[in-house]
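Below you'll find the structure, written out as structure tokens, and then a few comments.
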Amino acid sequence: MSALYAYGGDPHVAAAARALSWSGEHGALWLAAGLAGAAADRGRRGAWLRATALTAGAHLASMGVKRIVRRPRPTHVAPRVRTVGRHSFPSSHAASAAAAAVAYGTLGAYAVPPLAAAMCLSRLVVGVHYPTDVAAGAALGAAAARLGVRWIGAGHG
């Protein structure tokens, strides 16, 4: 964590990490992307909406786990962003990002996985999560979306 946090000393890296953190709050970036996909791809609107629902569900599941585990955020570094809550495990940003990568990736949105990876790393750069928080969030999100892949592709909208 400290090594990735150190990259945030570069103002450009810090600005990008803060922007990713802000846009990922409550899964907003991923939900907006799914709704944009539904609006743009009318033939697969239903599939996009189901993928968006899975992404939202992964985010909600991570928030539920966070309330049970109640792991405090790192205190050995100064956070570079404000956080909505005090608990860090699992990372909800990572959960929604990984869910979007899997769900939207099945629909051909191949730009999402690299952006999702950047989102996950940003949480370490801004100093608000431990690596295990991000790994657990990403695993939770990817698993939730993977379980729903057949549902995403069901039907034609």
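Can you find, among Ala103, Leu20, Leu54, the residue sitting farthest towards the positive end of the charge dipole of the chain, where Lys and Arg contribute +1 and Asp and Glu -1 at Cβ?
Among Ala103, Leu20, Leu54, the one farthest towards the positive end of the dipole of the chain is Leu54.
For a quick check of understanding: with a 1.4 angstrom probe and all protein chains in place, what accessible area in square angstrom does Leu4 have, to the nearest ten?
50 Å²
Put Leu140, Leu49, Leu60 in order of accessible area, largest first, 1.4 Å probe: what do you get? Could the numbers behind the result be given before it?
On the way: Leu140 55, Leu49 80, Leu60 110 Å².
Sorted descending by solvent-accessible area, the residues read Leu60, Leu49, Leu140.
Quick one, could you list the DSSP H helices from the chain stretching 27 Å or more along their long axis (Cα atoms) with average Kyte-Doolittle hydropathy of -0.5 or above?
On the way: long enough: 45-69 (36 Å, 0.48).
Once both thresholds are applied, what remains is 45-69.
May I ask you to derive the FRET efficiency for Trp22 and Ala53 from their Cβ-Cβ distance with R0 = 25 Å, giving the value to the nearest 0.05? Walk me through the intermediate numbers first.
Values: r = 23 Å, r/R0 = 0.93.
After rounding, the FRET efficiency stands at 0.60.
Report, as a whole number in µm² per second, the diffusion coefficient that Stokes-Einstein gives for the range 26-154 at 37 °C and 0.692 mPa s using the Kirkwood radius over alpha carbon pairs.
Numbers: Rh = 14.4 Å.
Translational D for this selection: 227 µm²/s.
Compute the signed sum of charges (Lys and Arg +1, Asp and Glu -1) over the other residues within less than 14 Å, Cβ to Cβ, of Leu31.
Working: positive: Arg50; negative: Glu25.
Net charge around Leu31: 0.
How large is the dipole of the range 40-153 about the Cα centre if only Lys and Arg carry +1 and Asp and Glu carry -1, each at its Cβ, rounded to the nearest 20 debye?
On the way: 15 positive and 2 negative charges, 60 e Å.
Charge dipole of the range 40-153: 280 debye, to the nearest 20.
For a bin width of 10 Å, list the pair-distance distribution of the range 1-62 built from all Cα-Cα distances, rounded to whole %.
Histogramming the range 1-62 at 10 Å steps yields 21, 34, 26, 16, 3 percent.
Given 0.36 nm per residue, what is the gain on full extension from Val13 to Ala40 after removing their alpha carbon distance, in nm? Don't skip to the end; give the middle numbers.
Working: separation 27, 0.36 × 27 = 9.72 nm, distance 3.15 nm.
Here the segment from Val13 to Ala40 would lengthen by 6.6 nm.
List the relative contact order of the range 1-146 as a percent without decimals, with contacts defined as Cα pairs under 8 Å and 6+ residues apart. Walk me through the numbers before you get to the answer.
Working: 257 pairs, mean separation 47.7, N = 146.
Value for the range 1-146: 33 percent.
Largest first, how would Trp48, Trp151 line up by accessible area (1.4 Å probe)?
On the way: Trp48 25, Trp151 125 Å².
Largest accessible area first, the list is Trp151, Trp48.
Quote the FRET efficiency, to the nearest 0.05, computed for Ser2 versus Ile68 with a Förster distance R0 of 25 Å and r equal to the Cβ-Cβ distance. Walk me through the numbers before you get to the answer.
Details: r = 27 Å, r/R0 = 1.10.
E(calc), rounded to 0.05, equals 0.35.
If you take the charge dipole of the chain about its Cα centre, with +1 on Lys and Arg Cβ and -1 on Asp and Glu Cβ, which of Ala139, Met1, Ala36 is farthest toward its positive end?
The one lying farthest along the dipole's positive direction is Ala139.
Tell me, what is the FRET efficiency for Leu60 and Ala117 to the nearest 0.05, using R0 = 25 angstrom and their Cβ-Cβ distance as r? Write down the numbers at each step before the final one.
Numbers: r = 22 Å, r/R0 = 0.88.
Efficiency, from the Cβ-Cβ distance: 0.70.
Per the 1.4 Å probe, what fraction of the accessible area of the range 73-157, in percent, lies on carbon and sulfur atoms?
Values: 2530 of 3830 Å².
Using a 1.4 Å probe with all protein chains present, the range 73-157 comes out at 66 percent carbon and sulfur.
The values are calculated or read from the model by the stated rules, or taken from the named source; none is laboratory data. This is a predicted model, so every value here is computed, not measured. Glycine gets a Cβ as well: all are built from the backbone with ideal geometry, and neighbour counts include every protein chain shown. The accessibility values were calculated without ligands, DNA or RNA, using every heavy atom of the protein model including side chains. Shrake-Rupley method; radii C 1.70, N 1.55, O 1.52, S 1.80 Å.
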